[in-house]
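A.B. asks: Got a structure for you, written out below as structure tokens; questions coming shortly.
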Amino acid sequence: MTQLWAPSQERANNSNLQRFQDFLAKRGRVTANYEELHTFSINDQESFYEAFWDFAQIKGQKGNQIYLNEGHMREAKYFPTGTLSYAENLLFPTSQKAATALLLDREKGEPEEMSWTDLRELVARYQALFIKVGIKLGDRIAAMVPNGADAIAILAAANGLGAITATCSPDFGLEGALDRFGQIKPKIFISAKSYIYAGQKVEIQSKARALAKRLENLKLHFEFDFVNSQPRDLPKSGELVLKQLPFDHPLYILFSSGTTGKPKCIVHRQGGALVKHLLEHILHCDSKAGDRTFFFTTCGWMMWNWLVSGLANSQTLQLYDGSPFHPRPKILWDLVDRNRLNFFGCGAKYIDAMSKSSYVPIEKANLTSLQTIATTGSPLIHESFDYVYEKIKRNVCLSSISGGTDIIGCFVGGQPNSPVYRGEIQGPILGMDVRIFDSTGKKTKVGEQGELVCASPFPSMPLNFWNDVDDKKYLGAYFEEFENVWHHGDYIELTSNGGYIIHGRSDATLNPGGVRIGTAEIYRQVEPLKEIEEAVVVGQPKAGDVRVVLFLKMSNGYKLTPELIALIKSRIKENASPRHVPTIVAEVADIPKTRSGKISELAVRDVISGIEIKNAGALANAESLALFVPALNAAQI
């Protein structure tokens with residue numbers, strides 16, 4: 001693959017990764033390169049995580065043991081006698097360099113800044129409300145809120161008291177939110193009255209009140225005005241409570257997409273989330289105290305939780321709530337320039353959409369401050385790598401990263417001291433024993449596709465699933481496929497450069513003629529075409545085999561013609577293989593997505609196969625499912 005970027009020697013020498021290697025060397029552990037450092041992080045987890053705790057200046061007590069693993073990786077423990085407060089690390093970072101904690105932007109709102117002092121004040125006021133209601137250790141607090149200061153304050157206030165937070169974005173439907181919050185029975189539910197998206201004010205007060213009425217054991221429904229920035233009807237602040245709790249104390253509950261049934265309620269431990277996030281922020285994103293960090297996300301995607309932990313490294317967080325294309329595609333790049341952002345994160349689909357807009361950042365924006373661009377949510381196709389370096393910025397580390405809600409972080413991702421190759425994720429994340437297995441559990445060769453697995457424990461494994469009797473769902477989700485090896489469900493290959501290419505989800509893998517095909521290989525041929533806005537490809541059982549069906553949402557002004565179908569099939573055949581060529585190509589007006597913006601291949605596959613969609617409320621646009629059977633039938637005429 002073509003090398004697109006490499007760090008200068010000065011940048012590599014000044015990186016956090018190099019400083020960490022120097023830090024280890026002073027402790028007698030010399031690592032000559034990233035490969036040796038990664039091996040050390042797997043083979044001597046006790047020394048590695050103790051050193052990282054000290055290097056990251058995590059506040060808390062490590063305890064008398066760092067790592068305990070006596071059997072199944074499900075039972076591994078990190079800092080089993082240690083204590084800390086996630087909220088304390090957020091609100092009182094050791095190396096605080098910037099006066100500003102949060103940069104707050106939203107549609108139709110004036111830019112705001114929030115100091116660390118003001119953030120702590122808002123946390124204390126929410127905490128006073130929680131105490132008034134009688135929140136105790138282990139109680140749940142649910143929030144349906146936009147991406148703003150309140151969301152972070154709610155999380156910190158709850159953790160300071162030992163409560164557990166669960167969030168979703170305001171665009172969730174009533175049933176979708178109930179499927180999540182209803183399972184965990186929160187004592188407090190917090191919601192905004194409205195938000196603005198694509199220029200339109202969206203009222204959610206009636207939906208939130210209807211939801212509150214259906215939540216069992218609810219003691220308080222608290223509402224606030226996000227759009228008009230009205231003063232919160234909160235008690236006056238008291239003294240901050242920052243309980244020192246075990247490393248494994250539950251921090252928050254995240255939810256699986258839930259498109260095949262009620263979402264899994266994934267409980268994450270406070271220490272695991274903090275260590276995992278800081279490791280990625282500091283060592284893999286090279287973010288330093290005082291840096292300004294942005295990720296375009298809502299409170300319904302795990303990348304929001306990941307972003308928030310940057311405060312513990314004294315990073316200033318840029319928050320944005322609204323459409324990334326309204327009123328113009330330049331909106332997010334204006335933020336980079338105006339606020340001198342160092343790190344820009346987004347979904348891979350955002351980069352694809354930018355490439356089809358008329359706005360060219362490299363010609364219109366300055367972007368001098370920008371050091372790293374990170375993408376996730378779906379595989380970043382090769383052509384999008386080209387777009388970033390040709391149309392956004394040439395001297396930037398493009399980190400395609402991949403992990404999941406399940407681990408609240410990444411398996412593979414950026415390495416700031418290594419080159420970026422076209423189409424490749426740079427390498428494994430420290431502490432993640434990433435391997436690729438075939439269906440029999442044997443390790444694949446370089447260039448062969450297989451299942452992404454993790455063969456050793458790591459701190460951000462979920463604590464448990466809520467209400468999961470005998471750990472049945474947990475073990476079934478991750479350890480059913482391979483004995484004592486975490487099976488994540490991504491289809492992946494290792495390249496000759498030591499990088500990775502994700503080929504899609506295993507459960508969405510196509511299997512025509514018994515040959516497994518990753519969906520990303522087809523998207524790569526289709527998505528660069530200007531005529532196509534989005535695509536979804538699925539396998540449909542047919543006559544004892546599986547046929548490949550490709551659905552296309554066309555760009556404005558374009559129609560799916562026989563000539564375009566022929567071009568698409570030709571591109572796929574020539575650049576992928578004859579087996580990748582779809583049997584059916586059909587046009588649809590919309591494509592279903594989860595609330596975090598991921599295309600739902602499984603929902604499309606099921607609906608055209610006559611399988612009931614058990615939880616359409618988990619989709620942002622469930623009405624689009626009705627389009628697929630008629631489109632398929634029309635294409636077959």
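The values are calculated or read from the model by the stated rules, or taken from the named source; none is laboratory data. What you see is a predicted model, and the numbers here were worked out from it, not measured in a lab. Every residue, glycine among them, receives a Cβ derived from its backbone with ideal geometry; neighbour counts consider all protein chains shown. Ligands, DNA and RNA are stripped out before the accessible areas are found, and what is left, the full protein with its side chains, is counted by its heavy atoms. Shrake-Rupley method; radii C 1.70, N 1.55, O 1.52, S 1.80 Å.
A.B. asks: Could you list, in sequence order, the residues of the stretch 33-78 that are open to solvent by less than 20 Å² (accessible area, probe 1.4 Å), part of a loop (DSSP other than H, G, I, E, B) and touching a Leu at 6+ places or on another chain (Cβ under 9 Å)?
C.D. replies: Selection gives Ala56, Ile58, Ala76.
A.B. asks: Condition first: touching a Gly at 6+ places or on another chain (Cβ under 9 Å) and surrounded by 15 or more Cβ atoms within 10 Å (Cβ to Cβ). Now tell me which residues in the stretch 219-228 satisfy that.
C.D. replies: Result: Phe226, Val227.
A.B. asks: Filtering the stretch 375-409 down to residues that are in a loop (DSSP other than H, G, I, E, B) and of a type in the set (S, T, N, Q), which residue is nearest to Trp333 (Cα to Cα)?
C.D. replies: Asn395
A.B. asks: Just to verify a result, which residue in the stretch 333-359, among those that are within 24 Å of the chain's Cα centre (by Cα) and part of a loop (DSSP other than H, G, I, E, B), is nearest to Ala198 (Cα to Cα)?
C.D. replies: By that ranking, first place goes to Lys356.
A.B. asks: From the list Lys593, Lys598, which residue is open to solvent by 30 Å² or more (accessible area, probe 1.4 Å), in contact (Cβ under 8 Å) with a residue 60 or more places away in the chain, under 17 Å from Val537 (Cβ atoms) and under 22 Å from the mean Cα position of the chain (by Cα)?
C.D. replies: Testing whether each residue is open to solvent by 30 Å² or more (accessible area, probe 1.4 Å), in contact (Cβ under 8 Å) with a residue 60 or more places away in the chain, under 17 Å from Val537 (Cβ atoms) and under 22 Å from the mean Cα position of the chain (by Cα) leaves just Lys598.
A.B. asks: Under 9 Å between Cβ atoms, at least 6 apart or on separate chains: pull out the pairs that start in the stretch 460-473 with a residue that is in contact (Cβ under 8 Å) with a residue 24 or more places away in the chain and open to solvent by 100 Å² or more (accessible area, probe 1.4 Å) and end on any residue that is hydrophobic (A, V, I, L, M, F, W, C) and part of a helix (DSSP H, G or I).
C.D. replies: The qualifying pairs are Asn467/Ile184.
A.B. asks: Sort through Gly539, Gly504 and tell me the only one that's in contact with a Pro (Cβ under 8 Å, 6 or more places away or on another chain), part of a strand (DSSP E or B) and within 22 Å of Tyr387 (Cα to Cα).
C.D. replies: Working: Gly539 fails: within 22 Å of Tyr387 (Cα to Cα).
Result of the check over Gly539, Gly504: Gly504.
A.B. asks: Turning to a different aspect of this structure: Please find, within the stretch 160-195, the residue that is surrounded by the fewest Cβ atoms within 10 Å (Cβ to Cβ) out of those that are charged (D, E, K, R) and not in a helix (DSSP H, G or I).
C.D. replies: Once the filter is applied, the top-ranked residue is Lys185.
A.B. asks: Still on this model: Please name all residue pairs, on different chains or six or more residues apart, with Cβ atoms under 6 Å, provided the first residue is in the stretch 424-437 and is under 22 Å from Gln18 (Cα atoms) and part of a strand (DSSP E or B) and the second residue is open to solvent by 10 Å² or more (accessible area, probe 1.4 Å) and β-branched (Val, Ile, Thr).
C.D. replies: Every condition considered, the pairs that remain are Pro428/Val434.
A.B. asks: Quickly run through the stretch 204-218 and pick out the residues that are among the charged types (D, E, K, R) and surrounded by 13 or more Cβ atoms within 10 Å (Cβ to Cβ). Give the steps one after another, and end with the answer.
C.D. replies: Of the residues in the stretch 204-218, the ones among the charged types (D, E, K, R) are 207, 209, 213-214, 216.
Within the stretch 204-218, Lys207, Arg209, Arg214 meet the criteria.
A.B. asks: Further question on the same structure: Quick check on Lys264: is it over 23 Å from the mean Cα position of the chain (by Cα), open to solvent by 20 Å² or more (accessible area, probe 1.4 Å) and of a type outside the set (Val, Ile, Thr)?
C.D. replies: When the stated conditions are applied, Lys264 does not pass them.
A.B. asks: Can you pull out the residues in the stretch 572-589 that are touching a helix residue (DSSP H, G or I) at 6+ places or on another chain (Cβ under 7 Å), farther than 11 Å from Leu552 by Cβ and in a loop (DSSP other than H, G, I, E, B)?
C.D. replies: Of everything in the stretch 572-589, those that are touching a helix residue (DSSP H, G or I) at 6+ places or on another chain (Cβ under 7 Å), farther than 11 Å from Leu552 by Cβ and in a loop (DSSP other than H, G, I, E, B) turn out to be Ala576, Val581.
A.B. asks: Which one of these is more than 16 Å from Ile154 (Cβ to Cβ) and modelled with pLDDT of 95 or more: Leu251, Leu211, Leu242?
C.D. replies: Leu211
A.B. asks: Mind listing whichever residues of the stretch 547-581 are open to solvent by 40 Å² or more (accessible area, probe 1.4 Å), among the polar types (S, T, N, Q) and under 27 Å from Leu625 (Cβ atoms)?
C.D. replies: Once the filter is applied, which keeps residues that are open to solvent by 40 Å² or more (accessible area, probe 1.4 Å), among the polar types (S, T, N, Q) and under 27 Å from Leu625 (Cβ atoms), the stretch 547-581 yields Asn556, Thr561.
A.B. asks: Also, quick follow-up: For Ile362, only one of the following conditions fails: (1) assigned to a strand (DSSP E or B); (2) open to solvent by 30 Å² or more (accessible area, probe 1.4 Å); (3) among the hydrophobic types (A, V, I, L, M, F, W, C). What is its number?
C.D. replies: Condition (1) is where Ile362 drops out.
A.B. asks: Same structure again: Given the criteria acidic (Asp, Glu), closer than 30 Å to Gly60 by Cβ, open to solvent by 60 Å² or more (accessible area, probe 1.4 Å) and outside any strand (DSSP E or B), does Glu239 qualify? Let's see the steps before the verdict.
C.D. replies: On the way: acidic (Asp, Glu): yes; closer than 30 Å to Gly60 by Cβ: yes; open to solvent by 60 Å² or more (accessible area, probe 1.4 Å): yes; outside any strand (DSSP E or B): yes.
Against the criterion (acidic (Asp, Glu), closer than 30 Å to Gly60 by Cβ, open to solvent by 60 Å² or more (accessible area, probe 1.4 Å) and outside any strand (DSSP E or B)), Glu239 qualifies.
A.B. asks: Hey, another quick one. Determine, yes or no, whether Ile591 is on the phi < 0 side of the Ramachandran plot and modelled with pLDDT under 85.
C.D. replies: Values: on the phi < 0 side of the Ramachandran plot: yes; modelled with pLDDT under 85: no.
It is false that Ile591 is on the phi < 0 side of the Ramachandran plot and modelled with pLDDT under 85.
A.B. asks: Could you list, in sequence order, the residues of the stretch 283-332 that are farther than 26 Å from Ile253 by Cβ, in a helix (DSSP H, G or I) and open to solvent by 10 Å² or more (accessible area, probe 1.4 Å)?
C.D. replies: Answer for the stretch 283-332, where residues must be farther than 26 Å from Ile253 by Cβ, in a helix (DSSP H, G or I) and open to solvent by 10 Å² or more (accessible area, probe 1.4 Å): just Ile331.
A.B. asks: Here is a follow-up. Return yes when Ala634 is in a helix (DSSP H, G or I) and of a type outside the set (S, T, N, Q) and no when it is not.
C.D. replies: For Ala634, the condition - in a helix (DSSP H, G or I) and of a type outside the set (S, T, N, Q) - is met.
A.B. asks: What single numbered condition from (1) surrounded by fewer than 23 Cβ atoms within 10 Å (Cβ to Cβ); (2) small (Gly, Ala, Ser); (3) at pLDDT below 95 fails to hold for Ala455?
C.D. replies: Status for Ala455: all satisfied but (3).
A.B. asks: Looking at (1) at pLDDT 95 or above; (2) in a loop (DSSP other than H, G, I, E, B); (3) crowded, with 22+ Cβ neighbours inside 10 Å, which is the only condition Ala157 fails?
C.D. replies: (2)
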